[in-house]
Amino acid sequence: MRLRLKDYSLRLCLLVMMVGGSAALPALAAAEKSSFNVAWSIYVGWMPWDYADQSGILKKWATKYGIKIKLTQVNDYVESINQYTAGQFDACVMTNMDMLTIPAAGGVDSTALIVGDFSNGNDGVVLKGKGKKLEDLKGQKVNLVELSVSHYLLVRGLTGLGLRERDVKIINTSDADVVAAFSTPASTAVVTWKPQLSTILTMPDAQLVFDSSKIPGEILDLMVVNTATLTANPKLGKALVGAWYETLAAMLKNDAAAKAAQTQMAKASGTDLAGYASQLATTHLFGTPTDAYQFTMGDSIVKNMDLVRRFSFEHGILGQGAGSVDAVGIQFPAGKFLGDVHNAKMRFDPTYMKMAMDGTL
C-alpha cells in the first residue's frame, strides 16, 4: 500500500539518471498515441479502478475515445511510482506526498487528474494502554514506515502538542511487519494505516490516540498522469475520468448492484464486505465530480500542500540538491502557486473533473 523504501534517496537519484535530460523538456514534447498503460495498487480508495477494469466500464470509456487503456496492478506501491517516474506507465495512483517527492522531485512533470479521496481516519497513532493520550508518546519508541504518510501523521500530531520529532525515537518498520511488532513487549507505539490499523486496534491493550481525521484533506489519494502525455492526449484524461465517476456512481447507490460492486472490491483487496465498509467509513471519498472539483478549487488544498512540502524538505525527500522548500513548483487552479514558478512539476488540474461535473465528457 502506501509505504516507503528504506533506500529512498538512492532510488530517487537513480530515477533522475533514468529519466535523464527528458525531465527538463517542456510538457508538449510527448506525442499523440492510442494505447496507454496505467498502474494501480490495492488500497480502499483505489479499488474502484479494479472494478472499472473488471466490469468493462474502463474499456467502454476507452473505446468511446478510440484508445486502449491497460490497467496493471503493481503489488509494490512505491515500485509502481518508480516505474511511472521512469516512463513505464503513463498514469499511476499515488498520494499527494508521494507525487511531490518521487516524480515531481525527480523532475517528471505530473498532473493530478483525479482527486479521489482523503484519509479521514484510515491512518492512526496507537499506544499500548487504555486511557493513554497522544502526549504520552513523549520519550517512547514508535514503529512506523519511515518517510511515509505515517511519519507525516506522527509529526503533525506532535506539532499540535508543541512537541518535536526528536521527542520520540522512530523505529523504521515495514507495513508488513508493523502488526507483529506491536504484538511484542518491546513495542509500545505504532503509526500505520488500514487494514493493519484495524488489526492492531483489536488487540486488548491498544489505544488510538490520533488519526488522520484530525488533519482532513492533508493525505490525498490521486490518479496522476504524466503532464506531457495528458497534454498531447486529452482523450486519455477524458476516458479515465469518465470511467472513474461512472464506477463511483455504481458503487455508491443504495441497491443490490452497489453491494455487489463493493463486495467485488472487498474480495479483490483481501477482505470481506464488512471489512471494506469499515475502511470506506474512514475514507472521505469525493463521490461526485462536483465534490472533487470544489475541493480542488478551494484554498485548503494549497495550505495542506504547503505543510506536506515543508515536511518533505525538512526530511530530505524533496529531491537531490533541493536548496529550499521552494525547489519544486506546485501549480493549483486559479493562478495559485507554491514554490519555483519556473520549475512547475506538480499540478492540480480540475479541467477533466469539471467536464464530468458539467456532463461534457
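The values are calculated or read from the model by the stated rules, or taken from the named source; none is laboratory data. Remember, predicted model here, so these are calculated numbers, not experimental data. Cβ: placed from backbone, ideal geometry, glycine included. Neighbour counts: every protein chain shown. With ligands, DNA and RNA removed, areas are computed over all heavy atoms of the protein, side chains included. Shrake-Rupley method; radii C 1.70, N 1.55, O 1.52, S 1.80 Å.
Computed quantities for the displayed model
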{"item": "Complete set of residues in the range 200-226 that are outside any strand (DSSP E or B), closer than 18 Å to T95 by Cβ and in contact (Cβ under 8 Å) with a residue 60 or more places away in the chain", "result": "S212, S213, I215, P216, G217, E218, I219"}
{"item": "Residue in the range 58-78 that is touching a Gly at 6+ places or on another chain (Cβ under 8 Å), more than 23 Å from A292 (Cβ to Cβ), touching a residue at least 24 places away in the same chain (Cβ under 8 Å) and open to solvent by 10 Å² or more (accessible area, probe 1.4 Å) present", "result": "no"}
{"item": "Those residues of the range 160-191 which are of a type in the set (S, T, N, Q) and within 22 Å of the chain's Cα centre (by Cα), in sequence order", "result": "N172, T173, S174"}
{"item": "Any hit, the range 291-314, residues being in contact with an Asp or Glu (Cβ under 6 Å, 6 or more places away or on another chain) and in a helix (DSSP H, G or I)", "result": "yes"}
{"item": "Considering residues of the range 208-227 that are open to solvent by less than 20 Å² (accessible area, probe 1.4 Å) and among the aliphatic types (A, V, I, L, M) only, the residue farthest from K130 (Cα to Cα)", "result": "V225"}
{"item": "Count of residues meeting criterion [open to solvent by 60 Å² or more (accessible area, probe 1.4 Å), in a loop (DSSP other than H, G, I, E, B) and under 25 Å from A268 (Cα atoms)] in the range 174-199", "result": "3"}
{"item": "Matching entry among I114, I171 (being β-branched (V, I, T), surrounded by 20 or more Cβ atoms within 10 Å (Cβ to Cβ), at pLDDT 95 or above and not in a loop (DSSP other than H, G, I, E, B))", "result": "I114"}
{"item": "Residue within the range 127-145 that is under 19 Å from the mean Cα position of the chain (by Cα) and at pLDDT 95 or above present", "result": "yes"}
{"item": "Unmet requirement for G275, which otherwise passes all of (1) surrounded by 19 or more Cβ atoms within 10 Å (Cβ to Cβ); (2) over 21 Å from V108 (Cβ atoms)", "result": "(1)"}
{"item": "Unique match (being touching a strand residue (DSSP E or B) at 6+ places or on another chain (Cβ under 6 Å) and either more than 21 Å from S148 (Cβ to Cβ) or without any contact (Cβ under 8 Å) to a residue 40 or more places away in the chain (or both)) among L285, L248, L280, L273", "result": "L285"}
{"item": "Members of the range 241-272 that are open to solvent by 60 Å² or more (accessible area, probe 1.4 Å) and either in contact with a Ser or Thr (Cβ under 7 Å, 6 or more places away or on another chain) or not in a helix (DSSP H, G or I) (or both)", "result": "K253, N254, D255, G270, D272"}
{"item": "Residue match in the range 305-315 (condition: under 19 Å from V93 (Cβ atoms), touching a Pro at 6+ places or on another chain (Cβ under 9 Å), modelled with pLDDT of 95 or more and crowded, with 19+ Cβ neighbours inside 10 Å)", "result": "no"}
{"item": "Single residue of P103, P48 found to be in contact with a Lys or Arg (Cβ under 8 Å, 6 or more places away or on another chain), modelled with pLDDT of 85 or more and either open to solvent by less than 30 Å² (accessible area, probe 1.4 Å) or not in a helix (DSSP H, G or I) (or both)", "result": "P103"}
{"item": "Single residue of the range 121-158 satisfying the filter (assigned to a helix (DSSP H, G or I) and in contact with a helix residue (DSSP H, G or I) (Cβ under 7 Å, 6 or more places away or on another chain)) that is surrounded by the most Cβ atoms within 10 Å (Cβ to Cβ)", "result": "V149"}
{"item": "Some residue of the range 353-360 being touching a residue at least 40 places away in the same chain (Cβ under 8 Å), in contact with a Leu (Cβ under 6 Å, 6 or more places away or on another chain) and either farther than 28 Å from V44 by Cβ or of a type outside the set (G, A, S) (or both)", "result": "yes"}
{"item": "Single unsatisfied condition, G87 versus (1) open to solvent by 10 Å² or more (accessible area, probe 1.4 Å); (2) assigned to a strand (DSSP E or B)", "result": "(2)"}
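This table checks each residue for (1) farther than 20 Å from M97 by Cβ; (2) touching a Pro at 6+ places or on another chain (Cβ under 9 Å).
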position	(1), (2)
S213	no, no
L236	yes, no
A239	yes, no
K259	yes, no
Q264	yes, no
A268	yes, no
Y276	yes, no
L280	yes, no
H284	no, yes
